[in-house]
Each structure stands twice: as C-alpha cells, then as structure tokens.
Amino acid sequence: MGQVTFPDGTRVPALGQGTWHMGERGSDRAREAAALRLGIDLGMTLIDTAEMYAEGGAEEVVAEAIAGRREEVFLVSKVYPHNAGGRKLEAALERSLKRLRVERLDLYLLHWRGSIPLAETVAAMERARAAGKIAGWGVSNLDVDDLEELGPALADCATDQVLYSLEHRGVEYDLLPFCRQRGMPVMAYSPVGQGGRLLRQPVLVQQAKRLGVTPAQLALAWTLRGEGVISIPKAADPAHVKLNAAARELALDAEALAALDAAFPPPNRKRSLAML
C-alpha cells in the first residue's frame, strides 16, 4: 500500500479515513465505529477527526473504534479557530483527548484561519508538543500566503489539509507544488465530492465502467495518483469501506487521465482556496 512521509520522517498510509458527519446521531454511532474498525483492519490506519464534527461526537465515535488498538492508529484531530491560541487551545485539546480517550494526538491541526494570530497558534501548539500532548501539528484550509506567514515555523508544520478532488483542483496551481518542494504532505478532504454530484458526472461514470470500478473508486484513486497526498474519505458502510480500500490498487491509465483532465481541467491560474 502507498505511504506518505511527514517532514519528521513519520510514515503513514496514503489512504486514511475521515469522520466528518459521524457522531451526529446516537443511533448510528455503533455502525460508524464498526466501519472505522474495518478500515483499520484493511490498513487505513490514519483517522482524521475534529472537535467541530458533531461538536465532539465524531471524536467519541473514534474513541469507540480505536479502543484497545491505539498503537495501530495515527490519530489526527483539529481545533476550532476561536480556540486556537493560549489557554483556549490547551483546554480544547484536553477536551478532545478526553473524548478520544487517549493521552496524546499524533497530529493536531488548526481547522481554518480565524482572528487569532498564527504565531499565537504555533506557540500554543509547540507548548502542547513539549508537554507530550501532541506529537506534531499542522494546519487546514490555509493557502500559500498563509503558510509563508508561518516563517521559520513552517519547517515544523506537518501538513495542510485542504479540499482536493476532481472538481476542486485549484491547489494544483501553487499550493500543492509549494508543499511538495518542502516535503510537506497535503491531506485531501472530501476526495470523492459532496452530495454525490461528482460521482454522477458522465465521464467519471464512463471511465469507471471501462476500468471495472465504481465512480467513487476512480475519483479516490485519482487523488492518490501523485506524490505527497493523503486522501481521507469518510465511509460509514462496510461495503463502502472495502471499496475505498480496493481503490489503492487502481492504477489509472493514460486514457482515463486524459478523459478526466478534459472534463475537469487542471488550473491555469491562481484561484481562491476552495473550502467546505
């Protein structure tokens, strides 16, 4: 299975698991946790969550999924912008750790940029790392100019988690090359789109049929085609988890890549960073 290396040398699977919209209904939590456990069994051991997701509910689902298996998992969570500094970050991190039932996160991300200065967020992240509460820190939904603002601290930033899929390719113009030049992986959220619109696109359906896979598998394999990208699809159904895992084995041929580029052209100019 493909792996991606963080700047500190830590290696993780290129295909992980997302948890956005998990934990929103109590009746679904056992099923969602079981899906995450299946994903771990299949080698998708990076799990991404956030205090925002179901206001901590997703973290509680993750806690159930990883119970007794903490050492198998690379655990990522994210802090709200309004909590991303000083004692607020410290308190938010403690709440996340409590919900997750762990003593340390492998990676803690600023979910998106707010009013708290980045320097203050970095300082709080570094204090948390020194205290052993997190192994590393990174950001999410930040563009090149934001990353440059980090200055020397950019060398300690593990990743930038951004919206990246066939229908959102803007990061390919400058952000993805910027991160690759620095050996900093990008984490792709919503890699198969939102609401199913992408998966109904005729070219995706046609190429998936030709290759004998589902449109979602094709869209997911597309995000995994290059270096330095970690893709984190969410799946709460066992069948979908298995299909996601199988997408790792799909090598896209020249015909598929050309057809997808024609339907979803790569950017030829700077675009505003897309977010969901």
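The values are calculated or read from the model by the stated rules, or taken from the named source; none is laboratory data. Quantities reported herein were computed from a predicted structural model and do not represent experimental measurements. With ideal geometry, Cβ positions are generated from the backbone for all residues, glycine too; neighbour counts draw on all protein chains shown.
Structural remarks
- Of all the listed residues (GLY193, GLY132, GLY138), the sole one being in contact with a strand residue (DSSP E or B) (Cβ under 6 Å, 6 or more places away or on another chain), assigned to a loop (DSSP other than H, G, I, E, B) and either more than 17 Å from ARG271 (Cα to Cα) or not acidic (Asp, Glu) (or both) is GLY193.
- Here ALA246 qualifies as modelled with pLDDT of 95 or more, out of contact with any Leu (no Cβ under 8 Å at 6 or more places or on another chain) and within 16 Å of ALA14 (Cβ to Cβ).
- Checklist (1) touching a Leu at 6+ places or on another chain (Cβ under 9 Å); (2) surrounded by 14 or more Cβ atoms within 10 Å (Cβ to Cβ); (3) within 17 Å of LEU176 (Cβ to Cβ) applied to PRO233, failing item: (3)
- Only one entry in GLY39, GLY68 is under 22 Å from ALA239 (Cα atoms), outside any strand (DSSP E or B) and at pLDDT 95 or above, namely GLY39.
- Exactly one residue out of GLU103, GLU94, GLU120 is exposed (fewer than 15 other Cβ atoms within 10 Å of the Cβ), out of contact with any Lys or Arg (no Cβ under 6 Å at 6 or more places or on another chain) and within 23 Å of THR10 (Cβ to Cβ), and it is GLU103.
- Looking only at the range 14-49, and only at residues there that are touching a Phe, Trp or Tyr at 6+ places or on another chain (Cβ under 8 Å) and touching a residue at least 60 places away in the same chain (Cβ under 8 Å), the one that is surrounded by the fewest Cβ atoms within 10 Å (Cβ to Cβ): HIS21
- Qualifying positions in the range 135-149 - farther than 20 Å from SER190 by Cβ and either among the β-branched types (Val, Ile, Thr) or under 13 Å from the mean Cα position of the chain (by Cα) (or both): VAL144
- Any hit, the range 263-274, residues being assigned to a loop (DSSP other than H, G, I, E, B), charged (D, E, K, R) and either within 23 Å of THR5 (Cα to Cα) or at pLDDT below 95 (or both): yes
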